[in-house]
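Input: a single structure, listed below in structure tokens.
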Amino acid sequence: MQDFEPNVVVFCCRWCSYAAADLAGTSRMTANPQFVVIRTMCSGRIDPEFILDAFAKGADGVLVTGCHPGDCHYVNGNYKTRRRMLLLEEVLEQFGIDRKRLRCEWISASEGGKFVKTIDEFIGTIKKLGPIDGIK
Amino acid sequence: MKQRIGVFVCHCGINIASTVQIERVVEAIKEYPGVVHAEDYEYMCSDPGQGMIRARIKEKNLTGVVVAACSPTLHELTFRNVTALSGLNPYRCEMANIREHCSWIHKDVDKATKKAIKIIKTIVEKVKLNEELTPLSVPITKRALVIGGGIAGIQSALDIANAGYQVILVEKSSSIGGHMAQLSETFPTLDCSQCILTPKMVEVAQHKNIKLYNYAEIDDVSGYVGNFKVKIRLKASYVDWSKCVGCGLCIEKCPTKVASEFEQGLAPRKAIYVPFPQAVPNKPVIDREHCRYFKTGKCRVCEKVCDLDAIKFDEEDDFVEEEVGAIVVATGYEVYGVQNIGEYGAGRYKDVVDGLQFERLLSASGPTNGEIRRPSDGQIPRRVAFVSCVGSRDPELHKPYCSKVCCMYLAKHAMLYKHRVPDGQPIIFYIDIRSDGKGYEEFVQRAQEEDHVTYIRGKVSKIYEDNGELVLLSADTLAGMPIELRCDLVVLGMAICPSSGVDELTKKLKIQTDANGFLTEAHPKLRPVESLTPGIFIAGCAHAPKDIPDTVAQASAASSKVLEMFGQKELSHDPMVAWVDEDLCSGCGVCISLCPYDARELEIKEGKRIATVKEILCEGCGSCIAGCPAGACQQRNLDDKQVIRMVETVLSRG
Ligand code: FES
């Protein structure tokens, strides 16, 4: 499992968590590189289907990030995200996917450190879980 | 259409180039399907860099551009403008963030290089499906509505009117002026409130650009930024103001007396009344609830004495409609009721008054002509206790927030009392002294040192009446002693709350309030005077407790936001909004409940229910899109297909 290099998709909302990822870079922090960020306006744009689709196509992990509750730039998009992700976690097990492969985290624009920590921890978890072997 | 995408990779000096092998990236991307050109440059954002992109768009006849450089937050606009200059639609240009999200955050050159390639491919896939968009443009009605005629509304209205635009000012009571008109003197300079306010009130009334609807309320608001339609209810005053000259004879002869709101119940007024002598406009109204004629069918004394025939008992509420482009909400505050504070007598004790009542006792035009006399027996109080934080900073029982002005006005009250009753004894009970404005700390010091106001740190636990005196139980927490104090008058620094009725108004305006009912700003730091609804701005205590200088500053800030809008020919709106595939939409309406902006609407089209999008209201968050069970709803330039293609690209090995 040592040289398993996971493939992780990270969704960021443009206002908070994307800015946090920018800040992590600007502050020259170091994160595990096995992920790519996809930017949406708000975490509320993230359709659970994107995540199922990602797993079906071989994502080892999906990280959904957004503004802290109450800070969403579109009033309450992240509350909707939270609801959707909770439901989705239930569904994942039914597809034989460990629910730990999906994580939802609120990261403000000033939390570059939290962004890096979340990435490293999450990729660590995924490494332990090993490669995904498809949706059952 | 066959895509011809150009990719421009920036070195950013060594910022990208030292971790990402640029040559390798260019070689790899050149081969990628859809890409017809890839090139690198040291500083893509520099003049030569921009020139290079412009030249290539033309030479290579590019249909899309990807700039692989820093974060789009920094330069997306720059490169979209470059693209537009070469005649390519700016929304066909995107940035791939290989600096912040790659070269800066990773150390391993090989991995960072591979990752940079992947990031660029992901964005190339997005650009392939990007549509050509044009910002939506909306016409603006360059007239503003200001709701509330206190100092915030007055300032806002004057600023906008002085800039040359028309203002509709709506005030619910019969005179403008608000609470500031009730104040005696203002901290920390002790200038007379009326003297600085009344000239502004007169200016409003005489301004050629201001249309004042006093004794009026907002009945309904429709439309959106730049184009609101407002229905205003003009409450029946039963007096024809066009005939009335304000002689006051009707008031003099009216037989009915009720407690005056303006005097905070400390003096009577008549059933036909002008709230205070300097009222603007200075025209009376009949208080239907108390008028003898309305109650018993007999009287009409006012009508008999009016030579001008101005009394109209049969008047009814009237409605007018106005069209405006922007709205400033300045609905102010009211004082939290003493009746909520059981341990202080809940309003049973006449000589326990609130801050506004004490203002009236201090006011030269007040019920005691400025002499401090206690309400119960008219005696001059020899010892007065002032209690701060009543109902404020008490999350368990009352309001969790600090009401901001009480520390200062209680210091002022104590000081002014001492000026009027030199041998009197003012004592302030406080928890903390908050004096954070310009000249405020000095003012509190002055109260203590020059006017010998005693400050005791401790919360008052109980107030009761005993033998014509009031007894306060407290503790001196600095000395660690319990205190029992007898005094003649108690002034409570009550919490201030949003005006009643604001709740209803915010529903009509579709703006948000916080847990305490105060209006919510769009961003607490960067957009402090905008509501989340475009075109609606907020000012004064409706937003949070604040003093007069802050209120005036915020009101002017709100006006400048309005003027910023009015300075434009048309409003432009981001085109990355939601749209609906009408064939797929089943009209279930889920999106309507998900939209925080009321941008989604059910319409019947050819007998079929369709959930449409009011583009101008859509902020492009995408909540409704993620929630659409039919996939009928999509976002311009970030539709499901694009996201799925991007995810696939991230996941492709190699
Ligand atoms: S904008 Fe960040 S979660 Fe909505």
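Against the condition in contact with a Leu (Cβ under 6 Å, 6 or more places away or on another chain) and in a strand (DSSP E or B), how does B:Ile232 come out, does it pass? So B:Ile232 does not fit the description; no.
Across the range B:309-316, not a single residue is classified as closer than 30 Å to B:Asp159 by Cβ, at pLDDT 95 or above and part of a loop (DSSP other than H, G, I, E, B). Scanning the range A:5-22 for residues that are within 8 Å of another protein chain (Cβ to nearest Cβ) and out of contact with any strand residue (DSSP E or B) (no Cβ under 7 Å at 6 or more places or on another chain) yields A:Asn7, A:Ala19, A:Asp22. For the range A:1-27, a residue qualifies if it is touching a residue at least 60 places away in the same chain (Cβ under 8 Å), in a loop (DSSP other than H, G, I, E, B) and more than 16 Å from the ligand (Cβ to nearest atom), and the qualifying residues are A:Met1, A:Phe4, A:Pro6, A:Ser27.
Criterion applied to A:Val116, A:Val36 was being open to solvent by less than 60 Å² (accessible area, probe 1.4 Å), more than 9 Å from the ligand (Cβ to nearest atom) and part of a strand (DSSP E or B), and the one residue passing it is A:Val36. When the range A:1-27 is filtered for residues that are open to solvent by 10 Å² or more (accessible area, probe 1.4 Å) and among the aliphatic types (A, V, I, L, M), the ones remaining, listed by number, are A:Met1, A:Ala19, A:Leu23.
Residues in the range A:91-106: is at least one assigned to a loop (DSSP other than H, G, I, E, B), buried (at least 16 other Cβ atoms within 10 Å of the Cβ) and either at pLDDT 95 or above or more than 16 Å from the ligand (Cβ to nearest atom) (or both)? Yes, there is a match, as at least one residue in the range A:91-106 is assigned to a loop (DSSP other than H, G, I, E, B), buried (at least 16 other Cβ atoms within 10 Å of the Cβ) and either at pLDDT 95 or above or more than 16 Å from the ligand (Cβ to nearest atom) (or both). With respect to the conditions (1) β-branched (Val, Ile, Thr); (2) crowded, with 24+ Cβ neighbours inside 10 Å; (3) at the interface with another protein chain (Cβ under 8 Å from one of its Cβ atoms), A:Val75 falls short on a single one, namely (2). The residue pairs whose first member lies in the range B:245-257 and is under 19 Å from B:Ala267 (Cβ atoms), whose second member is of a type in the set (Ser, Thr, Tyr), and whose beta carbons are closer than 7 Å, counting only pairs six or more residues apart or on different chains, are B:Ile251/B:Tyr273.
Restricting the first member to the range B:467-482 and to residues that are over 28 Å from B:Arg374 (Cβ atoms), and the second to residues that are open to solvent by 60 Å² or more (accessible area, probe 1.4 Å), the beta-carbon pairs closer than 8 Å and six or more apart or on different chains are B:Thr477/B:Arg457; B:Leu478/B:Arg457.
Can you name every residue in the range A:39-68 that is at the interface with another protein chain (Cβ under 7 Å from one of its Cβ atoms) and within 16 Å of the ligand (Cβ to nearest atom)? If the condition is that a residue be at the interface with another protein chain (Cβ under 7 Å from one of its Cβ atoms) and within 16 Å of the ligand (Cβ to nearest atom), then A:Thr40, A:Met41, A:Cys42, A:Gly44, A:Arg45, A:Ile46, A:Asp47, A:Phe50 are the ones that fit.
Among the numbered conditions (1) touching a residue at least 12 places away in the same chain (Cβ under 8 Å); (2) not assigned by TED's automatic domain parsing to the domain that holds B:Ile151, the only one that B:His543 does not meet is (2). May I ask you to verify whether B:Lys399 is under 26 Å from the mean Cα position of the chain (by Cα), crowded, with 19+ Cβ neighbours inside 10 Å and not in a helix (DSSP H, G or I)? Against the criterion (under 26 Å from the mean Cα position of the chain (by Cα), crowded, with 19+ Cβ neighbours inside 10 Å and not in a helix (DSSP H, G or I)), B:Lys399 qualifies.
Taken over the range B:130-156, the criterion of being open to solvent by 40 Å² or more (accessible area, probe 1.4 Å) and either hydroxyl-bearing (Ser, Thr, Tyr) or more than 24 Å from the chain's Cα centre (by Cα) (or both) is satisfied by B:Glu131, B:Glu132, B:Thr134, B:Pro135, B:Ser137.
Considering the range B:484-520, and only residues there that are of a type in the set (Gly, Ala, Ser) and assigned to a loop (DSSP other than H, G, I, E, B), the residue that is modelled with the lowest pLDDT turns out to be B:Ala515.
Put simply, of A:Thr30, A:Thr125 the only residue that is open to solvent by 40 Å² or more (accessible area, probe 1.4 Å), touching a residue at least 60 places away in the same chain (Cβ under 8 Å) and more than 12 Å from chain B (Cβ to nearest Cβ) is A:Thr125. When we screen B:Lys107, B:Lys114 for residues that are at pLDDT 95 or above and facing chain A (nearest Cβ under 7 Å), the only hit is B:Lys107. Of the strands (runs of 3 or more DSSP E) lying entirely inside the range B:560-643, those containing at least 2 residues that are within 14 Å of another protein chain (Cβ to nearest Cβ) and open to solvent by less than 20 Å² (accessible area, probe 1.4 Å) span B:633-635. Within the range B:484-512, the set of residues being buried (at least 20 other Cβ atoms within 10 Å of the Cβ) and of a type in the set (S, T, N, Q) comprises B:Ser499, B:Thr506.
The values are calculated or read from the model by the stated rules, or taken from the named source; none is laboratory data. Fair warning: this is a prediction, and the values are worked out from it, not measured in the lab. All Cβ positions, even for glycine, are placed from backbone atoms using ideal geometry, and neighbour counts span all protein chains on display. For the accessible areas, the whole protein counts, side chains as well, though only heavy atoms, and no ligand, DNA or RNA atoms are used. Shrake-Rupley method; radii C 1.70, N 1.55, O 1.52, S 1.80 Å.
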